[in-house]
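The values are calculated or read from the model by the stated rules, or taken from the named source; none is laboratory data. Note that this is a predicted model, so its numbers are computed, not measured. Methodologically, a virtual Cβ is constructed for each residue, glycine included, from the backbone with ideal geometry; neighbour enumeration extends over all protein chains shown. Just so you know, the surface numbers come from the protein's heavy atoms only, side chains and all, with ligands and any DNA or RNA stripped out. Shrake-Rupley method; radii C 1.70, N 1.55, O 1.52, S 1.80 Å.
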Amino acid sequence: MRGERVKRTLLYLLLCALAVMFLIPIYVVVLTSVKGLDSITLEKMWDWPTKFDFSGYKVAFEKLAPNLTNSFLLVIPATLLSAFLGSMNGYILSKWTFKGSNTLFALMLFGMFIPYQSILIPLIQFMQSINLYNSLAGLILVHVVYGLPICTLMFRNFYVGIPTELLEAAKIDGNGFFGIYRHVIVPLSVTGFVVVGIWQFTNIWNEFLFAVTLTTQKQQPIMVALQNLSGSQIVQWNVQMAGALLAALPTLLVYIFLSRYFIRGLLAGSIKG
């Protein structure tokens, strides 16, 4: 009994130490964001500000507001389309299997392991050929296509655990392919949609490579604009740190409000899959 108590105490101490290591950079970022530019030095980065200065947030928001709008216009439709198409794929590949469906699924998953850097040039040429280069619509298309494998995998694992008897009962009631999907599959997969939605929202919001290569300044999402805040001569650290916090806020809010559903969905997928 005493040995177990000692082990638990050591485990808690280790977790606390790791939490402190994780929170230290956040602490520095927050402090720097509320300091004036003249009071930011390497020696005083740990010091509490003598006077709170929120001018960095004002400047960062003014510079990032158009790109913040671009990010929302990109992330919301791309996430919804990825989740819907991934759900349909998972539904077909788990409950309406056909000859070669497993091979098709394996080929789809293979796309997850292709490095993005290796296809950038042909991707840019293709987007130019269909007149979607340097547009949010083109960036949405790219993220939907590259998000399909992981979305399909998540939904397929989730749907495998749904009893086939439910589908058979729906068929007897006169429901077809889309009727079963609408009346049976969708109501049972709310947590699956939440998990996939959080995953896609976070990945697309934080993505940089496609955003910086497929768009120019007016169409760029916030992560590219955040990198441009660094400037060329004088680095305004308070503006940069404020911009970083503003850019991280949407994903933080998504996790805060949907975390319980996210954990529940992950557990459900692990049990059913």
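Selection of the range 58-113 for residues being of a type in the set (Ser, Thr, Tyr), assigned to a helix (DSSP H, G or I) and either in contact with a strand residue (DSSP E or B) (Cβ under 6 Å, 6 or more places away or on another chain) or open to solvent by 30 Å² or more (accessible area, probe 1.4 Å) (or both) yields Thr69, Thr103.
Of everything listed in (1) of a type in the set (Ser, Thr, Tyr); (2) part of a helix (DSSP H, G or I); (3) modelled with pLDDT under 90, the single unmet condition for Ser230 is (2). Looking only at residues of the range 210-249 that are over 22 Å from the mean Cα position of the chain (by Cα) and among the small types (Gly, Ala, Ser), we find that the one that is most open to solvent (accessible area, probe 1.4 Å) is Ser232. Pairs are defined by a Cβ separation below 7 Å, a sequence spacing of at least 6 or placement on different chains, a first member in the range 209-224 that is within 14 Å of Thr69 (Cβ to Cβ) and without any contact (Cβ under 8 Å) to a residue 60 or more places away in the chain, and a second member that is hydroxyl-bearing (Ser, Thr, Tyr) and open to solvent by 30 Å² or more (accessible area, probe 1.4 Å); no pair meets this definition. Checked against (1) part of a helix (DSSP H, G or I); (2) of a type in the set (Ser, Thr, Tyr); (3) in contact (Cβ under 8 Å) with a residue 12 or more places away in the chain, Tyr133 passes all but a single condition, namely (1).
Every listed requirement among (1) modelled with pLDDT under 90; (2) open to solvent by 70 Å² or more (accessible area, probe 1.4 Å); (3) under 30 Å from Asn203 (Cβ atoms) is met by Val20 save one, (1).
Test Phe201 against the criterion of being surrounded by 19 or more Cβ atoms within 10 Å (Cβ to Cβ), touching a Gly at 6+ places or on another chain (Cβ under 6 Å), among the aromatic types (Phe, Trp, Tyr) and under 25 Å from Tyr255 (Cα atoms), and give yes or no.
Working: surrounded by 19 or more Cβ atoms within 10 Å (Cβ to Cβ): yes; touching a Gly at 6+ places or on another chain (Cβ under 6 Å): no; among the aromatic types (Phe, Trp, Tyr): yes; under 25 Å from Tyr255 (Cα atoms): yes.
So Phe201 fails the test.
A Cβ distance below 6 Å, combined with a sequence gap of six or more or placement on separate chains, defines the contacts here; from the range 93-108, residues that are small (Gly, Ala, Ser) reach residues that are surrounded by fewer than 17 Cβ atoms within 10 Å (Cβ to Cβ) in the pairs Ser94/Val160. Would you check which residues across the range 196-227 are among the β-branched types (Val, Ile, Thr) and not in a loop (DSSP other than H, G, I, E, B) and list them? Once the filter is applied, which keeps residues that are among the β-branched types (Val, Ile, Thr) and not in a loop (DSSP other than H, G, I, E, B), the range 196-227 yields Val196, Ile198, Thr202, Ile204, Val212, Thr213, Ile222, Val224. Taking the conditions (1) in contact with a Gly (Cβ under 7 Å, 6 or more places away or on another chain); (2) farther than 22 Å from Gln125 by Cβ in turn, Ser189 satisfies each one other than (1).
Residues that are more than 30 Å from Asn203 (Cα to Cα) and touching a helix residue (DSSP H, G or I) at 6+ places or on another chain (Cβ under 6 Å) within the range 133-174 comprise Leu166, Leu167, Ala170, listed in sequence order. Inside the range 146-195, residues that are open to solvent by 40 Å² or more (accessible area, probe 1.4 Å), polar (S, T, N, Q) and not in a helix (DSSP H, G or I) make up a count of 1. Cβ separations smaller than 8 Å between residues 6+ apart or across chains give the following pairs from the range 169-180 residues that are under 24 Å from Asn89 (Cβ atoms) and among the aliphatic types (A, V, I, L, M) to residues that are modelled with pLDDT of 85 or more and open to solvent by 70 Å² or more (accessible area, probe 1.4 Å): Ala170/His183; Ile180/Lys171.
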